[in-house]
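Take a look at the structure set out below.
The values are calculated or read from the model by the stated rules, or taken from the named source; none is laboratory data. In this text the structure is predicted, and so the values were computed from the model without any measurement. Glycine also receives a Cβ, built like all others from the backbone with ideal geometry; neighbour counts cover every protein chain displayed.
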Amino acid sequence: MTVKTQYPIKIDNQCGCIVDEGELTEAILWYTDGPVQSIKKIYISARYPTVSIRDEKVHVHRLLFSYWAGRRLLTIENVHHKDENGLNASKDNLSLILGGVHQSLHNKGKLLTDSHKAKIGKANHKRRGIAIKKSAYAPIGEIRTMLNQGISINRIAKSLGVDWSTVKNRIIQNPELLAQT
């Protein structure tokens, strides 16, 4: 059965989160594209108050800041609790900062033992993350010259010592290379 009308939302604050429930209700409706359950429970997930919107868990502080900003937050953007109380999601307690700045803000003045640094290094080594693209040397001038000579993308890549996808990407980024051939 598909629900087509939105009933008033009641907030069940099970974790004692400090939040404006009216604003949270507006944020939930803003976040979703259709009706949601009429009772929304705020519960703790990964140390922060969370609500479920359809099949997605959303931290309350990120949801509210997205609503205030009028857009979804990027993964590199962190919402900082000024009083360092993760349960306090009031507007005057939250600010938006980049991940690296946020991490350094919380670690400022802390001294780590050598064993703790080793544990962090080991954990970082195991962590899966976004692969960083390595820039390859493939000058556009040389690619243009070789294309004008009728050399294939594979042969250009071999002569420059790069992958063929690098040459292809240079051509896509600079369509004038093909216009001159």
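Quick grid of which residues meet (1) out of contact with any Asp or Glu (no Cβ under 8 Å at 6 or more places or on another chain); (2) modelled with pLDDT of 85 or more; (3) not basic (Lys, Arg):
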| residue | (1), (2), (3) |
| --- | --- |
| Glu56 | yes, yes, yes |
| Lys91 | no, yes, no |
| Gly109 | yes, no, yes |
| Lys126 | yes, no, no |
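How about the stretch 33-59: which of its residues are polar (S, T, N, Q) and closer than 15 Å to Ile11 by Cβ?
Listed by number, the residues that qualify are Gln37, Ser38, Thr50, Ser52.
Given the residues Ser90, Ser165, Ser159, Ser115, which is the only one that is closer than 30 Å to Val60 by Cβ and either surrounded by 10 or more Cβ atoms within 10 Å (Cβ to Cβ) or not basic (Lys, Arg) (or both)?
Going through Ser90, Ser165, Ser159, Ser115 in turn, just one is closer than 30 Å to Val60 by Cβ and either surrounded by 10 or more Cβ atoms within 10 Å (Cβ to Cβ) or not basic (Lys, Arg) (or both): Ser90.
Which residue is surrounded by the fewest Cβ atoms within 10 Å (Cβ to Cβ), if the candidates are limited to the stretch 21-54 and must be over 21 Å from the mean Cα position of the chain (by Cα) and aliphatic (A, V, I, L, M)?
For the stretch 21-54, the residue satisfying everything is Ile39.
If you scan the stretch 112-122, which residues turn out to be of a type in the set (Ser, Thr, Tyr) and not in a helix (DSSP H, G or I)?
Thr113, the sole residue that qualifies.
Out of Val101, Val51, Val19, I need the residue that is touching a Lys or Arg at 6+ places or on another chain (Cβ under 8 Å) and aliphatic (A, V, I, L, M). Which one?
Only one candidate passes the filter, namely Val51.
Which of (1) farther than 28 Å from Ala27 by Cα; (2) at pLDDT 90 or above; (3) surrounded by 12 or more Cβ atoms within 10 Å (Cβ to Cβ) does Ala136 not meet, given it meets every other one?
Tallying (1) farther than 28 Å from Ala27 by Cα; (2) at pLDDT 90 or above; (3) surrounded by 12 or more Cβ atoms within 10 Å (Cβ to Cβ), Ala136 fails exactly one: (2).
Which number in (1) out of contact with any strand residue (DSSP E or B) (no Cβ under 6 Å at 6 or more places or on another chain); (2) under 17 Å from Ile11 (Cα atoms); (3) surrounded by fewer than 17 Cβ atoms within 10 Å (Cβ to Cβ) marks the one condition that Leu74 misses?
With (1) out of contact with any strand residue (DSSP E or B) (no Cβ under 6 Å at 6 or more places or on another chain); (2) under 17 Å from Ile11 (Cα atoms); (3) surrounded by fewer than 17 Cβ atoms within 10 Å (Cβ to Cβ) applied to Leu74, the lone miss is (2).
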